[in-house]
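First comes the structure, then the notes that go with it.
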Amino acid sequence: MATRSHTRCLILASTWLLLLLPCPPVEGLQAVPRHRFAITATTTRSIAARPARSTRTALRMSSQQQEPPQPPQPPGFDLPNPLSALAKSSPSDRSADLMVGEDAAVFDWDNERMERLGDRGWLTFFAAVGAILTAVAVLWVYPPTGYADDFQALLEDVAGGNSHVVTLLYGIIFPMVHSGLASLRPYGERIVGARAWRVVFAFPSLCLAYSWITYFIAHVHDGIQFYDISTIPWVHTVAWFVNFISFLFLYPSVFNLKEVAAVEKPQVHLWETGIIRITRHPQFVGQVLWSLAHLAMVGTSFDLLTQTLL
């Protein structure tokens with residue numbers, strides 16, 4: 001055991017001597033100089049400047065979580081949004097106008113506000129429309145409390161049950177009430193004001209319009225059948241399309257809805273642009289289109305008489 005211990009000590013000592021002694025250069029190779037490793041101020045600063053392991057790990061993970069760069073997109077086309085016409089009207093070219101009238105159907109959604117009840121906003125508009133329609137339903141439409149069925153029974157008694165005579169009476173009474181109250185507008189506004197007179201004007205017109213429309217639907221096939229082309233598919237499509245276009249002429253072409261509901265003070269307007277510049281009377285054109293479309297689909301004497309009255 002002692003011999004083995006001495007042998008190990010000699011081997012370790014000789015190994016250390018070989019490591020400490022300079023190694024003679026070998027031909028074709030360069031001697032590698034020995035360096036003494038000492039901790040200097042520069043080494044201390046470099047160690048201090050090196051970030052901690054947890055920091056390096058967090059930076060590595062954050063760099064891995066970054067999204068890869070996106071490939072360049074091809075140049076697109078700046079196309080106008082077709083729905084923008086519903087939010088804002090396009091300005092009219094008035095370079096050749098006399099600038100006497102107004103620009104028709106001007107609308108900008110950004111200028112509209114709901115506001116509080118009683119102000120001139122859309123909340124008041126919906127409340128006013130709801131109130132007038134409720135009054136029409138209770139005082140005219142609903143049978144237990146309204147007078148629509150009594151008024152229609154009176155007309156049928158006068159006409160002797162003839163539906164053609166009933167629609168003729170409707171065609172006489174409605175324009176007398178509607179146009180008559182419109183002609184009395186300057187005098188009525190002096191008594192009750194412009195907004196109150198609009199309600200007085202609208203209520204009987206809505207009641208008579210409801211009764212005439214419902215009677216027309218119930219008796220449209222009465223009388224002589226001149227022709228029947230309603231079974232042809234393309235005729236039905238054309239009539240539906242013309243009927244849809246007629247409503248664009250009848251209602252949203254020049255009307256200010258807030259004035260219709262008396263939320264804003266009704267005024268007399270002289271429109272100089274828009275659809276009224278071409279048709280001069282868009283409501284008349286819309287009514288003619290509506291009548292032609294219905295007459296083409298039905299083709300009865302009752303329908304012909306009603307559309308002529310309209």
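The values are calculated or read from the model by the stated rules, or taken from the named source; none is laboratory data. Not measured: the values here are computed from a predicted model. When we count neighbours, we look across all protein chains shown, and the Cβ atoms used for this are built from the backbone with ideal geometry, even at glycine. Quick note on the areas: whole protein, heavy atoms, side chains included, nothing else; ligands and nucleic acids left out. Shrake-Rupley method; radii C 1.70, N 1.55, O 1.52, S 1.80 Å.
When V141 is tested against (1) under 28 Å from T308 (Cβ atoms); (2) surrounded by fewer than 16 Cβ atoms within 10 Å (Cβ to Cβ), exactly one condition is not met: (2). Looking at region 233-310, the helices (runs of 4 or more DSSP H) lying wholly inside it that each contain 2 or more residues that are at pLDDT below 90, of a type outside the set (D, E) and open to solvent by 40 Å² or more (accessible area, probe 1.4 Å) sit at 233-250, 257-260, 275-279, 282-298. All conditions but one from (1) in contact (Cβ under 8 Å) with a residue 12 or more places away in the chain; (2) part of a helix (DSSP H, G or I) apply to D228; the one that does not is (2). Tell me, yes or no, whether region 191-209 has at least one residue that is within 24 Å of H164 (Cβ to Cβ) and in contact (Cβ under 8 Å) with a residue 40 or more places away in the chain. Yes, region 191-209 contains a residue that is within 24 Å of H164 (Cβ to Cβ) and in contact (Cβ under 8 Å) with a residue 40 or more places away in the chain. Looking at V192, is it closer than 30 Å to A262 by Cα, among the β-branched types (V, I, T), exposed (fewer than 15 other Cβ atoms within 10 Å of the Cβ) and in contact with a helix residue (DSSP H, G or I) (Cβ under 8 Å, 6 or more places away or on another chain)? Judged against the criteria, V192 is a match. Checking every residue in region 143-163 against the condition of being part of a helix (DSSP H, G or I), touching a residue at least 60 places away in the same chain (Cβ under 8 Å) and not small (G, A, S) gives at least one match. The single condition among (1) in contact (Cβ under 8 Å) with a residue 60 or more places away in the chain; (2) farther than 20 Å from F216 by Cβ that P186 does not satisfy is (1). For F201, state whether it is over 22 Å from L304 (Cα atoms) and under 37 Å from the mean Cα position of the chain (by Cα). Answer is yes for this residue. Return the residues of region 276-304 that are of a type in the set (S, T, N, Q) and under 25 Å from V165 (Cα atoms); say none if nothing qualifies. Hits for region 276-304 are Q287, S291, T300, S301. Residues in region 142-159 that are within 43 Å of the chain's Cα centre (by Cα) and β-branched (V, I, T): T145 only.
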